[in-house]
Amino acid sequence: MVLVIVAGFSLQLGMGRSSFSSPLLVHAHAVVFMGWVLIYLLQNTFIATGKVALHRTLGWIAAAWIFPMLVLGCMVTVAMVRQGHVPFFFRPLQFLVFDSLALFAFAGLTVAAIVLRRSTQWHRRLHYCGMAILLAPGFGRLLPMPLLQPWAWEATFAATMIFPLIGVVSDIRRNGRAHPAWGWGIAAMLGMAMATEAITYTPAGTAIYKGVVSGSAGADVPPLEFANPPVGPQRTGRVETK
C-alpha cells in the first residue's frame, strides 16, 4: 500500500504534473496524509517486531491524526471544486461527493478499528480496509485516467478493492475461511461507492454542489459534465487560498 502511494505521487512529480510551489493548503494536506502513510507503516513494523508499547503510544497519536485529515481533506476538495480545478476526467459533482465520502468511510473504519483494538483480528483488518480507501489518489496517478473516462473514478475504486480481496484470499488459504471483519470492511467500502453514485445523480447532490460553488468560479462549471482536457502541461495542486 505504501508503495502504491509513493509510486503514484513520485510519478506525478517526475512527469512535471505537480509542483512544490503549490499553495500552503495543499502542502498541509500533503504532510498530514503522507504522515498517516508513515504512521500506518510504523504501526505495522512495531507490531511485527514486538514493540507493542511503541505501537500503543503511536496508536493514540494516530487517533488524533484522523481529525486534521478530515478537515484538510475536505478543505482541499471544496477549494478545487470552487476554483473549477477538478481533474477533467472526473465529473465535478462526483469528485466532490466521492472525495468527501471516502474520507468519512476511512475515518469510520479506522475509529472502529481503534474501538476494537483489544480484538486483534478485527483491529488489524478494519485498519487495513480503511487504509485501502486512501489508495485511490495513488492509483489515480498510476492508471491511465484520461483513457478510463467516463469510468475513471470507478476504475480507481476497483483498484483499491484489490487489497481487501488479497486479505480475504490470504485468510482462506491460511485458516480455511475469511474472518468476518473482511465482510464489514468490504461492505463499508462498497457502501461508500454506492452512496457516491446515488448522491451524484440525484437532485440532492446537485443542491449540495450548487451550495458549495455558490459565488465562486466553480459556479459556472456544470456539475455532471466533463471538462475539456487542458491545453499545455497538466498541473495538480492548483488550489488558490483567497
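3J(HN,Hα) couplings calculated from phi for segment 12-27 with the Karplus curve 6.51 cos²θ - 1.76 cosθ + 1.60 (θ = phi - 60°) are, in sequence order, 4, 5, x, 8, x, 9, 9, 8, 6, 8, 4, x, 4, 4, 5, 5 Hz; Gly and Pro show x. Annotation for segment 148-168 versus segment 6-78: alpha-carbon center distance of 21 Å. Extension gain for Phe88 to Val111 (0.36 nm times residue separation, less C-alpha to C-alpha distance): 4.9 nm.
Summed over qualifying helices (DSSP H, 4 residues or more, each -39500 (n - 2.57)) and divided by its residue number, the chain shows a 222 nm mean residue ellipticity of -24000 deg cm²/dmol. Short-range pairs are left out: with C-alpha atoms under 8 Å and at least six residues apart, the relative contact order of the chain is 34 percent. Each residue of segment 190-201 is assigned a 3J(HN,Hα), and the resulting list reads 5, x, 4, 5, 5, 5, 4, 5, 5, 5, 4, 9 Hz, derived from the Karplus form 6.51 cos²θ - 1.76 cosθ + 1.60 (θ = phi - 60°), x at Gly and Pro. For segment 50-141, applying the loop criterion from DSSP together with a ceiling of 13 other beta carbons within 10 Å to the trypsin sites (Lys or Arg not before Pro) yields Arg118.
Per the Kirkwood formula applied to alpha carbons, segment 7-54 shows a radius of gyration over Rh ratio, Rg over Rh, of 1.17.
Average projection, convex hull of the Cα set of the chain: 13.8 square nanometres. With a simple spin-label model that places each label point 7 Å from the Cα along the Cα-to-Cβ direction, the separation between Ala64 and Leu224 comes to 4.5 nm.
The dipole here belongs to segment 24-219: it is taken about the Cα centre, uses +1 on the Cβ of Lys and Arg and -1 on the Cβ of Asp and Glu, and is about 580 debye.
Every number in this text was worked out from the coordinates using simple rules, so none of it is lab data. The shown structure was predicted, so the numbers you read here are calculated from the model rather than taken from an experiment. Here the Cβ is made from the backbone with ideal geometry for all residues, glycine too, and neighbour counts use every protein chain on show.
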